[in-house]
1. Show the residue pairs meeting these rules: Cβ distance below 7 Å; 6+ apart or different chains; first residue within region 14-34 and over 17 Å from Asp52 (Cβ atoms); second residue within 6 Å of the ligand (Cβ to nearest atom) and not aliphatic (A, V, I, L, M).
2. I need a count of the residues in region 1-28 that are out of contact with any Lys or Arg (no Cβ under 9 Å at 6 or more places or on another chain) and more than 7 Å from the ligand (Cβ to nearest atom).
3. Could you name every one of the helices (runs of 4 or more DSSP H) located completely within the chain that has at least 3 residues being surrounded by 12 or more Cβ atoms within 10 Å (Cβ to Cβ)?
Amino acid sequence: MECKKLENLTWCNCSFNACGKKGICCECVKYHRERNEIPACFFSEEMECGYDRSIENFIKDYRNRKTVA
Ligand code: SF4
């Protein structure tokens, strides 16, 4: 299977552009999963740019979105 990095970069919301894993979702997920974290694309734009990829921060972000909707 061919890597879809270029296609993935069209929608990837991660603002940490220096990361070598950007657009390579399998590496991105593996990296964050090993740290008990969640990749940028699960976060809102507002929370993503804080670079706190912890599960706790994801839950906080998700709950805030649920109350706004
Ligand atoms: S979410 Fe993490 S691993 Fe994925 S591109 Fe952004 S900084 Fe890199």
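Every number here is computed from the coordinates shown, using simple stated rules; none is lab data. Everything numeric here is computed off the predicted structure, so don't read it as measured data. All Cβ positions, even for glycine, are placed from backbone atoms using ideal geometry, and neighbour counts span all protein chains on display.
1. If the second residue must be within 6 Å of the ligand (Cβ to nearest atom) and not aliphatic (A, V, I, L, M), the pairs left are Lys21/Cys28; Lys21/Tyr31; Lys22/Cys14; Glu27/Lys21; Val29/Pro39.
2. Keep residues of region 1-28 that are out of contact with any Lys or Arg (no Cβ under 9 Å at 6 or more places or on another chain), which gives 1-4, 6-7, 10-11, 13, 15, 17-20, 26.
From the residues that got through so far, the ones that are more than 7 Å from the ligand (Cβ to nearest atom) too are 1-4, 6-7, 10-11, 13, 15, 17-18, 20, 26.
Of the residues in that region, 14 qualify.
3. On the way: elements: 5-9, 25-34, 45-48, 55-68.
Ranges flagged: 5-9, 25-34, 55-68.
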